[in-house]
Amino acid sequence: MERSNNQYILVVSGKPEGPFTIEELKSRRIKPGDFVKTPDMPDYKEAHEIEELRGIFGFKKRTVMPQYFAAFDQRLLASALDWFFIAGFYIIIAFTAILFIYDHDTRIALAISLLVIIPLTNLIYHIVMESSSRQATYGKQILKIKVTDMEGKRISPGKAVLRNLCKVFSFVSVIGYLMSFFNRHQQCLHDLMTDTLVVKDRLF
């Protein structure tokens, strides 16, 4: 097997120690559930989640249930940021176009068209980004939260479409969003309807 140059920071009794070489990890008898990361990794992972360590130590990859869920205020702020990005983009384009349009009716039509274009773009944007490898829109990425299935895995484009369409029920009922305060996974109605979660990074 090719020698690894990676070094890992290991969480011991709740505190990060290291970095350690692979040989040092062997001497510490690292277990599959131990939390580790390289200096380049943005977040800790359990040892069995890392392909290199599975190959070296013979760990089997296990399903890791999400433990930390995005609060309502985080989700609300992420949504506000996404609307700001999309609406701002189109408003700048429309404002620039209006400088060269002198017909009053055309200006009105352009302004009204934004009421359709912006929500439609927002819907497509959420579907594409939440089913991508990042599992999150830019607003969610800034808040370090992402959309997953019930096992913390990436959702399919089909599930992303269904999830975002089901937001209509959360919006119309209003209480659909407030339901996140009353369940341990902090799911809104559209999350419950599609078996999805909005999770955040581990608390290390």
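Can you name every residue in the range 32-51 that is of a type in the set (Val, Ile, Thr) and under 16 Å from Lys15 (Cβ atoms)? Residue satisfying the conditions is Val36 alone. Filtering Lys159, Lys140 for residues that are closer than 17 Å to Met193 by Cβ, of a type in the set (D, E, K, R) and surrounded by 13 or more Cβ atoms within 10 Å (Cβ to Cβ) leaves a single hit, Lys159.
Among the residues making up the range 50-87, those that are surrounded by 13 or more Cβ atoms within 10 Å (Cβ to Cβ), out of contact with any Pro (no Cβ under 9 Å at 6 or more places or on another chain) and under 24 Å from Pro19 (Cβ atoms) are Ile50, Glu52, Ile56, Val64. Taking the range 1-37 as the range and being touching a strand residue (DSSP E or B) at 6+ places or on another chain (Cβ under 6 Å) and assigned to a loop (DSSP other than H, G, I, E, B) as the test, the residues that pass are Gln7, Gly33. Here Val168 clears all of (1) free of Cβ contacts under 8 Å to residues at least 40 places away in the same chain; (2) under 17 Å from Leu197 (Cβ atoms) except the condition numbered (2). Residues in the range 137-164 that are free of Cβ contacts under 8 Å to residues at least 24 places away in the same chain and either closer than 23 Å to Phe89 by Cβ or of a type in the set (Ser, Thr, Tyr) (or both): Gln141 only. Restricting attention to the range 177-188, and to residues there that are surrounded by fewer than 21 Cβ atoms within 10 Å (Cβ to Cβ) and assigned to a helix (DSSP H, G or I), which single residue is nearest to the chain's Cα centre (by Cα)? Among those that are surrounded by fewer than 21 Cβ atoms within 10 Å (Cβ to Cβ) and assigned to a helix (DSSP H, G or I), it is Tyr177.
Values in this text are rule-based calculations from the coordinates and carry no lab data. Computed from a predicted model, the values in this text were never measured in an experiment. Glycine also receives a Cβ, built like all others from the backbone with ideal geometry; neighbour counts cover every protein chain displayed.
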